[in-house]
Structures are given as C-alpha cells and as structure tokens.
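Structure first, commentary second.
What follows draws every value from the coordinates through simple rules; no lab data is involved. What you see is a predicted model; the values in this text were computed from it and never measured. Methodologically, a virtual Cβ is constructed for each residue, glycine included, from the backbone with ideal geometry; neighbour enumeration extends over all protein chains shown.
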Ligand code: ADP
Ligand code: MG
C-alpha cells in the first residue's frame, strides 16, 4: 500500500529525514517510536502532503502510484488520513459540517452518493458513541475550546467516520489519561481491517499495551535504525533509546 524508498527531506536547507525506507502492506499496523526531534512528525506530514518540506531524494508510492505527485486534498480523497500531533482549532466552522463535508467529498470522489443531513446524523451519532463523545460536540466549532483529550477523540471520530485506507496517527496518545487512551485504542482496534493499514507514531510504549502493532520501527535522527516485532517495545522500555544510539555508534 505504501512504499517509501530512501526518502530524504529538508526544511530551510536542514536535512531532517536522512534516508527512510518503509513498506506498509494492507492489513498491517506499523508503529514508529523515537525521541522528540527524530523526524517522526516530519515523515507523517510528508505522507499527508505538507508542502513545508523539500524532498531531496527518494520515492514514495501509494497503491503503486507516485504519491508525491498528488496534492494533499487528492491524498485525502484517495484514503490517506493524518491525525495531527497538535490538532488544528477551526473557529467558526461547525464540527458536524466539517466532518460531513469531508465525508461527502470522499464519497463523491469514489462515485458514491452523498449523504443527506438525516443519514449523516444517524451515522455520526453511532460513531460518537464509539469514542465516548456526546452530541454537544457536534454543535461546536472544530476543536474550539476542546481539551487535549477531546481533540484527540475528535480526531478518532473523524477517522472512523471517514474510513481511510491508510490512517496515520501522530502521537494521538500523548497527554491522554488512561480512560481516554483506552477509548482511542478501542477506536483504532475496531477499525483494523484486512484492507486498511495504520502508521501509529508514539513516543511511549504505554499505547502498545492496548494496540498490537505488527511491526515496530525506531527512528533516530532522521533514520529508521531498528525494525522488529512487538518485543522491540519491551526492550526499549527496559534499555531506553540510548541502547540503540550506543549500538549505532559501535556500528560506525
Ligand atoms: P518528532 O516528531 O520526531 O519529534 P519532528 O519531525 O517534529 O520530530 O522534527 C524533527 C526535526 O525537524 C526537529 O529538529 C524540528 O525542529 C525540525 N523541524 C520540523 N519541522 C520544521 C519546520 N517546519 N521548520 C523548521 N524545522 C523543523
Ligand atoms: Mg512529533
């Protein structure tokens, strides 16, 4: 589904991604872990289409086509969803309107009929329940005055409503209390299917008590320095990231 080869990216002539290789197949959940500043959000933003970064080398294929050719809007329409580390507040734009417009744009793109207001309300009410939100959130502006945890739930609400093919969650777990974390993990687990995939970025091993990735990658200084199974998270928890920096130094 996603095939990244030797991706290098810079911002203001500073190289941030220094040769990323990552292949994600349908049905898989991949996790990227790593310290702050290692380039995790940069990678997520580039996949979603941020124009801030300059790609200096490498290729990114999505469903065997060049992803870098597509605008951010086309990427979303083709099923790429990014839950931001810092979700945007959009004052004056109603939350219901926002999600409905995004969903209908996608349905239209796929040649499906758009949902009318009534059908949409039936759908969104069912989705709200899944993330433990009540209907009052539908009347508010997008994320306006939402707490950190409420913003993250709202992101998951968007995800399960839009039903992306590739969902990228950038530290959706950070700053959540344990109840909210479980709700987010539940939303993610219920949405796992054989024809979609996840890239879950996290700083903490804590989330991995609730979701089970197939593959864990560790990113340090713009590179994936280690890839492994679930057990890698436990080793990291025990030894810290220092273990890998030491190892990397030895290999040099
Ligand atoms: P992570 O998500 O792993 O914490 P980021 O991808 O956010 O890391 O950042 C990686 C590095 O790139 C950091 O040093 C950060 O300051 C820098 N960086 C990211 N985005 C920008 C930007 N728009 N302008 C300047 N520097 C940036
Ligand atoms: Mg980040």
Any chance you could give the angle, 0 to 90 degrees and rounded to 10, that helix 178-191 forms with the longest Cα principal axis of the chain? 80
Share antiparallel - DSSP beta bridges, the range 112-229, percent rounded to 5: 50
Helix 117-130 versus the longest principal axis of the chain: what angle, 0 to 90°, nearest 10, using Cα atoms? 50
How would 13, 50 line up from fewest to most surrounding beta-carbon atoms within 10 angstrom? 13, 50
The chain: angle of helix 95-109 to the longest principal axis, Cα-based, in degrees nearest 10: 80
Note down the relative contact order for the range 44-128 as a percent, whole number, built from C-alpha pairs under 8 angstrom at least six residues apart. 22
Burial ordering of 8, 217, fewest other beta-carbon atoms within 10 Å first: 8, 217
Can you give me the distance in nm between label points at residue 206 and residue 66, each placed 7 Å from the Cα along the Cα-to-Cβ direction? 4.3
Rounded to whole Å, √(5λ) for the Cα gyration tensor eigenvalues of the range 58-98, largest first, gives 27, 12, 8
If we count other beta carbons within 10 Å of each Cβ, what is the order of 86, 191, fewest first? 86, 191
Test of understanding: what is the full-extension gain from residue 35 to residue 14, defined as 0.36 nm times their sequence separation minus their Cα-Cα distance? 5.7 nm
Taking a point 7 angstrom from the Cα of residue 214 along the C-beta vector, which residues in the range 156-184 have backbone N less than 16 Å away? 165-168
Theoretical FRET efficiency, 1/(1+(r/R0)^6), r = Cβ-Cβ of residue 21 and residue 189, R0 41 Å, to 0.05: 0.90
Please work out, to two decimal places, the log10 of the ratio I(q)/I(0) at q = 0.08, 0.11 Å⁻¹ from a Debye calculation in which every Cα of the chain carries one identical scatterer. -0.31, -0.60
So the FRET efficiency between residue 55 and residue 245, C-beta based with R0 = 41 Å and rounded to 0.05, is 0.95
How high is the relative contact order of the chain, in percent, counting Cα pairs under 8 Å that sit 6 or more residues apart? 27
Between 199, 61, 157, where does the largest GNM mean-square fluctuation fall for the chain, given springs only between Cα atoms within less than 10 Å? 61
Could you calculate the contour length gain from residue 110 to residue 125, that is, 0.36 nm times the residue separation minus the distance between their Cα atoms, to one decimal place in nm? 3.1 nm
